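Nothing in this text is a laboratory measurement; each read-out follows from the coordinates by a stated rule. Bear in mind the structure is a predicted one, so any value in this text is a computation, not a measurement. All Cβ positions, even for glycine, are placed from backbone atoms using ideal geometry, and neighbour counts span all protein chains on display.
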Amino acid sequence: MPIERKPIVVVGSINMDLVARTPRIPLSGQSLIGTGFDTTPGGKGANQAVAVARLGYPVHMVGAVGEDVFGKALLDNLAAAGVETAAVARVSGPSGVASIMLAEKGANAIVAVPGANGKVEPESIDRQAALLRAAAFVLCQLELPMETVNRTLAVCAEAGVPVILDPAPAASIAPEVWREVAWFTPNDTEAAFYLGDAMPPEAAARELLARGLKGVALKRGSEGAYVAVSGGEAASVEPFRVQAVDTVGAGDCFNAAFAVALIEGRDPWTAARFASAAAAISVTRHGAQASMPSRAEVDALFAQPG
Ligand code: RIB
């Protein structure tokens, strides 16, 4: 008989990404001729959910899409990827969109317009409390209203469910909320936002842990990761060297794979190495959800010597 696994629950945004490829990110006031355009499913929450599903782990999405044409396409795409969408509401008005400029070598600039994501209220979380309480991990980002994120953290804290908070896009976090976070996973820019300045990873992790977090995994892109546990060890995680073409969604891919590996019993550094392998594959392909790797692909890269 198959063993029943507690699902991962993602509470987060669902966007349609409108991606213009460009030779470089234009300066303010400058117009450029682009080299291509894609309309492709994204949103930090939905990206993480699809990445979990691609890794073969059960996952539920909590969020909202609009009653527009994007809403149906986004829901269909989640379901096709194997994400359970019963807790995704369809609300009046437009779905979330992200306007993305994607420059050569994968650099990008993103403006996300919340649409339906902005209508995921704390009461929506209360309605899904039973689902959250039954989760192995809850994954959150900051593309939903902050009071909704806070309610998610409170429900999970009360039930003892660990939360991985991806602080993207970076926004102020109330002091009492930090101790409800099991893993905080900023990239370098986001870490600098919370610390007031860029810092070496050792100092950044130390300062962030001092706010009450249980663990920090700094996502350092082509530099790998730095993982530190409150009252425990701290160490770098080596990157996998690949040719990046599109880094949109790579951080989301990392978070999803990190959660799956932790659930499977790997220590945090091995889990971060597994997550780095997943993210490395994702940057070699275009699209956010479209780039998420399969379990077999990640296992194969992870098995390679560093
Ligand atoms: O993390 C990448 C995501 O950020 C994109 O898919 C876009 O939708 C924005 O939300």
Where a ≥ b ≥ c are the square roots of the eigenvalues of the C-alpha gyration tensor, would you call region 73-150 rounded, which needs a/c under 1.5, or, failing that, prolate if a/b is larger than b/c, or oblate?
prolate
Full-extension gain in nm, Arg133 to Glu297, via 0.36 nm per residue minus C-alpha separation
55.9 nm
Region 153-242: antiparallel bridges as % of DSSP beta bridges, rounded to 5, reads 65 percent
Beyond 17 Å, the calculated P(r) of region 1-74 holds a percent of Cα-Cα pairs equal to 59 percent
Kindly provide the helix-only [θ] at 222 nm of the chain, computed as the sum of -39,500 (n - 2.57) over DSSP H runs of four or more divided by all residues, to the nearest 500 deg cm²/dmol?
-10000 deg cm²/dmol
In whole percent, the Cα-Cα distances of the chain spread across 10 Å bins from 0 upward as 7, 30, 38, 22, 4, 0, 0
Straight-distance crosslink candidates among lysines, where the alpha carbon sits under 26 Å from Lys119 and sequence neighbours closer than 8 are dropped:
Lys44, Lys72
Gaussian network model of the chain, Cα springs within a sub-10 Å range: biggest mean-square fluctuation belongs to which of Ser13, Ser276, Ser31?
Ser31
Just need the Rg to Rh number for region 1-145, please, alpha carbons only, Kirkwood Rh.
1.03
Could you give the length gained on full extension between Ala192 and Lys105, defined as 0.36 nm per residue of separation minus the Cα-Cα distance, in nm?
29.0 nm
Under a plain spin-label model, where a point goes 7 Å from the Cα along Cα-to-Cβ, how far apart in nm are Arg285 and Ser222?
2.2 nm
Here FRET efficiency (C-beta to C-beta, Arg90 to Ala20, R₀ 22 Å, nearest 0.05) is 0.20
Just to be sure I understand: with springs between alpha-carbon atoms less than 10 Å apart, which residue in Ser230, Ser95, Ser28 has the highest mean-square fluctuation in the Gaussian network model of the chain?
Ser28
Considering only DSSP beta bridges where both residues belong to the chain, give the percentage that are antiparallel (nearest 5).
40 percent
Based on the Cβ-Cβ distance from Ala203 to Asp126, what FRET efficiency comes out when R0 is 30 Å, to the nearest 0.05?
0.20
Label-point separation, Ala79 to Ile33 (7 Å along Cα→Cβ), nm
4.3 nm
